[in-house]
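Worksheet: one structure, shown below.
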Amino acid sequence: MRPHPDFGVYLHIPFCEKKCVYCDFYSLENMEHKDVFVSLLIEEIIAGAKKYSDHLRPATSVFFGGGTPSLLTPEQISTIMETLRDQLTIHPDAEITMECNPGTISIESLRGYKQAGINRLSFGIQSFNQEELNFLHRIHTPEEGKVAVRIAREAGFDNVNIDIIFALPNQTIASWTSTLEQAMALNTEHISAYSLIFEEKTPLFSMLQKGLVKPQDEERDAELYALTIDALSKAGYIQYEVSNFAKPGFACNHNRTYWQAKEYLAFGPSAHGFISKQRYWNYRNLKRYFEAVRLHGTGEASIEVLTDHNMLYETAFLGIRSEGLSKRRFLTDFGIDLHAMIFDRLDAQILNEFLQVYDTDGDTIISLNSSGFAICDEISVRIIALLEEALGSEWDAKGYEEEDDSIIDLPILQDKTR
Ligand code: SF4
């Protein structure tokens, strides 16, 4: 039986065959340093396990993200997994996910990843419309997206996610409905459906600034999102976060670790970890990451110490956007009756129309219902404002500017390029 999310491990694999126009994750098309990267990643895992040895718990999830982890060979994934098992305790039923690009896999490679210990695959499919895939600069065809899921089953994977994106420029309701229907027909255990974001510093953002693309208007975006929630819930998927839907029992444990503000170690360039009330960031630059690991053992560029106060706000913010706010957790961890604070002050209309309250396992949970997910941003802002009023304090959600001294630049390799 899968353990409750408690402690995660994230590994960032910074290579992609070709950059997609919308993507702001750190990755390089140049793969000449792949072997060096794997050996330094292993060094970093060994050093990280030692550095945080007092705070480690059995890992309930491991996530190979990126970038494109499926550009590593099964042997490389196997070596990394062996290092993780040697250096950390991996729960025997841990969820071990690997992100794959459908254009970079074969039945043999998937069998090899399974043999290495991967038990969940996540495919970036994005669309089943060839024109949309071309626009996004994806390297695979719609058919290859379907074949990826089929061969994953043949290789023995019984826990598979696919990512799809809506609100692409010029996307019609008909083309999104078609992608959604083809996605549901694959009957994967999990579907992540994201609205396209024009992230700064991406080619897509430049195209936007030059007037070469036009985003969907807010009403159309909301319409596509509502249609998505409705179709996926009718197909038996439970929405457990703004963009994430799972068959019962298949919510992604690794995502839940983040959203429940639990701890996780992170390795690889640009990876972010959170442990012992400290958030840390690795260099977002392969050369600097290599130098840092060679010099310090870890790739950390900076760390930030979170106060209890910020932990409280962060737990509330992440919780309301995903599986809800636990009365027990806020009492145990922060000594406050969060529910009373919210119930007594929340407008009846919001409470009745957009939230649900239920008892489970001796706890009481307040969470968004499907109408609430559709206006998740507004509700999160409202709940944080209520907390600020009740606690007489403010949450600086961005950079904790008022607590600059909590950000500690490491002594060597300070660099603005990270
Ligand atoms: S394959 Fe994934 S990580 Fe790589 S550029 Fe495309 S979206 Fe980004």
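Read the figures in this text as sums done on the coordinates, not as results from a lab. Treat the numbers as computed from the prediction; the structure is a model and nothing was measured. Note that each Cβ is placed from the backbone with ideal geometry, even for glycine, and that neighbours are counted across all protein chains shown.
Enumerate the residues in the stretch 43-58 having an amide nitrogen under 19 Å from the point lying 7 Å beyond the Cα of residue 276 toward its Cβ. Hits in the stretch 43-58 for residue 276 at 19 Å: 44-58.
When the GluC sites (Glu not before Pro) in the stretch 157-259 are filtered for DSSP coil states and for at most 14 other beta-carbon atoms within 10 Å of their beta-carbon, the remaining sites are 199, 200. Kindly identify the chain as rounded, prolate or oblate by the Cα gyration tensor criterion: order the square roots of the eigenvalues as a ≥ b ≥ c, call it rounded if a/c is under 1.5, otherwise compare a/b with b/c, prolate if a/b is larger, else oblate. Taking the square roots of the gyration eigenvalues as a ≥ b ≥ c, the chain is rounded. For the stretch 382-392, 3J(HN,Hα) computed residue by residue from phi via the Karplus equation (6.51, -1.76, 1.60; θ = phi - 60°) reads 5, 5, 5, 5, 5, 5, 4, 5, 5, 8, x Hz, glycine and proline entered as x. Summarising the amide proton neighbourhood of residue 89: residues at separation of 5 or more, or on other chains, whose placed amide H is nearer than 5 Å comprise 59.
On the beta carbon distance between residue 375 and residue 82, with R0 = 60 Å, the FRET formula returns roughly 0.80. Rounded to whole numbers, the Karplus 3J(HN,Hα) couplings from phi for the stretch 162-177 are 10, 9, 9, 10, 10, 6, 6, x, 6, 5, 9, 4, 5, 6, 5, 4 Hz, using 6.51 cos²θ - 1.76 cosθ + 1.60 with θ = phi - 60°, and x at Gly and Pro. Evaluating 6.51 cos²θ - 1.76 cosθ + 1.60 at θ = phi - 60° for every residue in the stretch 210-220, the Karplus couplings come out as 7, x, 7, 9, 10, x, 5, 6, 4, 5, 5 Hz, glycine and proline recorded as x. What you get for the chain, charging only the Cβ of Lys and Arg (+1) and of Asp and Glu (-1), is a dipole of about 1200 debye around the Cα centre. Once both labels are positioned 7 Å from their Cα atoms along Cα-to-Cβ, the gap between residue 214 and residue 115 label points is 5.4 nm. Using equal-weight Cα scatterers in the Debye expression, the normalised intensity of the stretch 310-391 in log10 at q = 0.15 Å⁻¹ is -0.46. Here the simple spin-label model places points 7 Å from the Cα toward Cβ, and for residue 311 and residue 296 these points are separated by 2.2 nm. Stretched out straight at 0.36 nm per residue, the stretch from residue 54 to residue 333 would grow longer than its current Cα-Cα span by 98.4 nm. If R0 is 56 Å, the Cβ-Cβ spacing of residue 348 and residue 153 corresponds to a FRET efficiency of close to 0.70. With an a/c value of 1.5 or above and a/b not larger than b/c for the gyration tensor axes a ≥ b ≥ c computed over the alpha-carbon atoms, the stretch 245-326 is described as oblate.
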